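Notes follow once the structure below has been shown.
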Amino acid sequence: MDERRADPANRPESWADRVVADLDAQEGVDRALLHALRSLPSLREETVARMADAVRAAALGLGPAGCAVAAGVSERLLRAWQAQDPSFAAAMTAATSMACAHVPDSGAPLNPTSLRVLLKAVRGGALLGSAAALVGMSERALYRLRRESPEVGALVAAARRARPKKADRRGRTTYEHHYRLLRVDDGGRVHPPPGSARPGRR
């Protein structure tokens, strides 16, 4: 008997739950490193980090909506950053051009970044069709992928299980789910509101 398979912790559902729980692991690492430096992030540092996430997503073939999810901000805010920051707009344009030259055509298998975006969208409450559209897939193609890959099916199911309860989402906008409100002091340092937990970068 395979003891690893007999262990409930090794069931596909348990594995998928752990992966979905770790989607925001980098955020925890960033907090730990800032703690080691005895530092707080500035609003500028926070914004640049999220811009970098958006540029990376664009380079891997995601469109504006997918890039916004990857950066953990609303699509409206992402457009505002591009309008206000020519260097960021140029970086997004260059990344999109790079994706056109190197990323397979739409319909190709997901890459880890696009699967992460899809799972985050599902976890946030998006319908499967909408989540699939974020990464350039049709809902039918996503269903087919779930049938062909039990692991992907398990991850999607885990993302659904991880959704906040309806009571927790009531009265909150999509923007509030993805980008926290911050207090900025005169030195440009960021302080989360008292008693608030920092959500993971999405």
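The values are calculated or read from the model by the stated rules, or taken from the named source; none is laboratory data. Remember, it's a predicted structure, so these values are computed and weren't measured experimentally. In this analysis, Cβ positions are derived from the backbone assuming ideal geometry, glycine residues included, and neighbour counts consider all displayed protein chains. When the accessible area is computed, the model is the full protein with side chains, heavy atoms only, and any ligands, DNA or RNA have been set aside. Shrake-Rupley method; radii C 1.70, N 1.55, O 1.52, S 1.80 Å.
The numbered conditions (1) modelled with pLDDT of 90 or more; (2) open to solvent by less than 40 Å² (accessible area, probe 1.4 Å); (3) among the polar types (S, T, N, Q) are all true for Ser42 except (1). Scanning the stretch 13-26 for residues that are open to solvent by 70 Å² or more (accessible area, probe 1.4 Å) and either hydrophobic (A, V, I, L, M, F, W, C) or at pLDDT 85 or above (or both) yields Glu13, Trp15, Arg18, Ala21, Asp22. The residues of the stretch 18-37 that are farther than 27 Å from Ala157 by Cβ and either in contact (Cβ under 8 Å) with a residue 24 or more places away in the chain or charged (D, E, K, R) (or both), listed by number, are Asp30, Arg31.
Listed here are the residues, each with its yes/no results for (1) among the polar types (S, T, N, Q); (2) more than 15 Å from the chain's Cα centre (by Cα); (3) at positive phi; (4) in a helix (DSSP H, G or I).
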{"residue": "Ala68", "(1), (2), (3), (4)": "no, no, no, yes"}
{"residue": "Trp81", "(1), (2), (3), (4)": "no, yes, no, yes"}
{"residue": "Phe88", "(1), (2), (3), (4)": "no, yes, no, yes"}
{"residue": "Thr93", "(1), (2), (3), (4)": "yes, yes, no, yes"}
{"residue": "Met98", "(1), (2), (3), (4)": "no, yes, no, yes"}
{"residue": "Arg116", "(1), (2), (3), (4)": "no, no, no, yes"}
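Checked against the criteria, Val29 counts as open to solvent by 20 Å² or more (accessible area, probe 1.4 Å), among the hydrophobic types (A, V, I, L, M, F, W, C) and modelled with pLDDT of 85 or more. Residue under question is Ala68, and the condition is that it be buried (at least 18 other Cβ atoms within 10 Å of the Cβ) and touching a Cys at 6+ places or on another chain (Cβ under 7 Å); does it hold? Considered against the rule, which asks whether it is buried (at least 18 other Cβ atoms within 10 Å of the Cβ) and touching a Cys at 6+ places or on another chain (Cβ under 7 Å), Ala68 comes out as no. State whether one or more residues within the stretch 88-108 are touching a Ser or Thr at 6+ places or on another chain (Cβ under 7 Å), among the aliphatic types (A, V, I, L, M) and closer than 13 Å to Val135 by Cα. Taking every residue of the stretch 88-108 in turn, none turns out to be touching a Ser or Thr at 6+ places or on another chain (Cβ under 7 Å), among the aliphatic types (A, V, I, L, M) and closer than 13 Å to Val135 by Cα.
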